[in-house]
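Colleague: Here's a structure for you.
The values are calculated or read from the model by the stated rules, or taken from the named source; none is laboratory data. Here the structure is a predicted model, which is why all the values come from computation and not from measurement. No Cβ is skipped: glycine too gets one built from the backbone with ideal geometry, and neighbour counts run over all protein chains shown.
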Amino acid sequence: MMVIFGIILGLLILVLLVVIHELGHAIAARRNGVVVEEFGIGFPPRAWSKKLKNGVLFTLNWLPLGGFVKLQGEHDAADQPGDYGAATFWQKTKILLAGVAVNWVAAGFLLTILAWTGLPKILPNQFSVPSDTTVASSPVRILSTADNYPAVTAGIREGDIIQSIDGQAVETVEEFVDMTVAARGETVSVAYERAGDLMTSQVRLRDADSAGVAGPIGILGVIFPAAGQAGLTQLTFLTAIISLTLAVMNALPIPALDGGRWFVTAIFKLLRKPLTKDLEEKIHGTGFMLLIGLIILVTIADVGKLFN
């Protein structure tokens, strides 16, 4: 049930982050004289639409995988008034990078809130203390768990206090992390305390690759449910990280992405050669197909992890 809730919650957050990204493009386009024909949430087929007073067609679509903005004359060769192609290089730069900027601002806003409210302590004694100060280590307590993970499968629950791994005492979170990383892919004996009773479980730790790269399915099926269980602070932190990731990814000079579109436009401007509609479609179409192929490969790996 938590997985389903996490997927729905994660989907809503991902759509929201993509929508504000596209909204950045739309606002920048209108401010620079480019006509915005359509602003859509989700991808077609279309479920509902309305013509706004400013002339923009606002649509809600059936595939909840993000959003999009459609500009008039999106090809660089377009030259009619209001066309994106007719805008100056500086105007195109502002339009293309506006979405990236919005994601940066959103991430900065969320991280600023977390800086005020505080993030959970990850490692004990993170900050230096005077040498004559005595530091007491707190026990390594399980604060939250996620369904279908090795610890939960082995019977370890929230609130348990880890005592040792394979007979080696665990006194700090840092030691716990180091021990589990060193034993990835192996079965270890974990001794823990629950309500005053000492218990032992055999835990099969995940391999190094199993927690490596996560695509959309991995984020929605594993990471968001775990963050949702951990609480609002972790969920907010994850949202900020994903917003930063969207900003960085879209800024990369990869065809079909914002950075790639800007890079191609800049190259042809430097070479003083016209960027025809057909050539532009071939460049970005190839980049798009490569991205889709990568997403499919990562998704297949994600599905395998979910059912493992």
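Colleague: Quick test for you: out of Gln80, Gln91, pick the one residue that is polar (S, T, N, Q), buried (at least 17 other Cβ atoms within 10 Å of the Cβ) and not in a strand (DSSP E or B). Don't jump to the end; show me each part of the working.
Modeller: On the way: Gln80 fails: buried (at least 17 other Cβ atoms within 10 Å of the Cβ).
Being polar (S, T, N, Q), buried (at least 17 other Cβ atoms within 10 Å of the Cβ) and not in a strand (DSSP E or B) holds for just one of Gln80, Gln91, which is Gln91.
Colleague: Related question: Tally time: how many residues in region 40-50 are out of contact with any Gly (no Cβ under 9 Å at 6 or more places or on another chain) and at pLDDT 95 or above? Talk me through it step by step, then tell me what you get.
Modeller: If we filter region 40-50 for residues that are out of contact with any Gly (no Cβ under 9 Å at 6 or more places or on another chain), which is where we start, we get 44-45, 47-48, 50.
Add one more test, that the residue is at pLDDT 95 or above, and what stays is 47-48, 50.
Number of matching residues: 3.
Results for (1) among the hydroxyl-bearing types (Ser, Thr, Tyr); (2) within 24 Å of the chain's Cα centre (by Cα); (3) at pLDDT 95 or above, shown as yes or no for each residue.
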| position | (1), (2), (3) |
| --- | --- |
| Gly10 | no, yes, no |
| Val15 | no, yes, no |
| Ala26 | no, yes, yes |
| Val35 | no, no, yes |
| Glu38 | no, no, yes |
| Asp76 | no, no, no |
| Leu96 | no, yes, yes |
| Ala107 | no, yes, yes |
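Colleague: Here's another thing I want to ask about it. Select from region 169-213 the residues that are surrounded by 17 or more Cβ atoms within 10 Å (Cβ to Cβ) and of a type in the set (Ser, Thr, Tyr) and write down the one among them that is modelled with the highest pLDDT.
Modeller: Filtering region 169-213 for residues that are surrounded by 17 or more Cβ atoms within 10 Å (Cβ to Cβ) and of a type in the set (Ser, Thr, Tyr), the one modelled with the highest pLDDT comes out as Tyr192.
Colleague: Here is a list of conditions, (1) under 24 Å from the mean Cα position of the chain (by Cα); (2) at pLDDT 95 or above, and Phe58 meets all of them except one; can you say which number that is?
Modeller: (1)
Colleague: For Leu290, state whether it is out of contact with any Gly (no Cβ under 6 Å at 6 or more places or on another chain) and either closer than 21 Å to Gly73 by Cβ or surrounded by fewer than 18 Cβ atoms within 10 Å (Cβ to Cβ) (or both). I'd like the intermediate steps shown before the answer.
Modeller: On the way: out of contact with any Gly (no Cβ under 6 Å at 6 or more places or on another chain): yes; either closer than 21 Å to Gly73 by Cβ or surrounded by fewer than 18 Cβ atoms within 10 Å (Cβ to Cβ) (or both): yes.
Criteria met by Leu290.
Colleague: Let me ask another. Sort out which residues of region 268-287 are farther than 17 Å from Tyr84 by Cα and loosely packed, with under 13 Cβ neighbours inside 10 Å, and write them in order of number.
Modeller: Selection gives Leu270, Leu271, Arg272, Lys273, Lys282, Gly285, Thr286.
Colleague: Kindly evaluate Gly10 against the criterion of being small (Gly, Ala, Ser) and either under 23 Å from Leu246 (Cβ atoms) or part of a helix (DSSP H, G or I) (or both). Steps first, please.
Modeller: Working: small (Gly, Ala, Ser): yes; either under 23 Å from Leu246 (Cβ atoms) or part of a helix (DSSP H, G or I) (or both): yes.
Considered against the rule, which asks whether it is small (Gly, Ala, Ser) and either under 23 Å from Leu246 (Cβ atoms) or part of a helix (DSSP H, G or I) (or both), Gly10 comes out as yes.
Colleague: Also: Tally up the residues in region 141-168 that are surrounded by 14 or more Cβ atoms within 10 Å (Cβ to Cβ), in a loop (DSSP other than H, G, I, E, B), among the hydrophobic types (A, V, I, L, M, F, W, C) and at pLDDT below 85, please.
Modeller: Here the count works out to 3.
Colleague: Then there is this: Please identify the pairs in which a residue from region 238-265 that is on the phi < 0 side of the Ramachandran plot and without any contact (Cβ under 8 Å) to a residue 24 or more places away in the chain has its Cβ atom under 7 Å from the Cβ atom of a residue that is surrounded by 21 or more Cβ atoms within 10 Å (Cβ to Cβ) and among the β-branched types (Val, Ile, Thr), counting only partners at least 6 apart or on another chain.
Modeller: none
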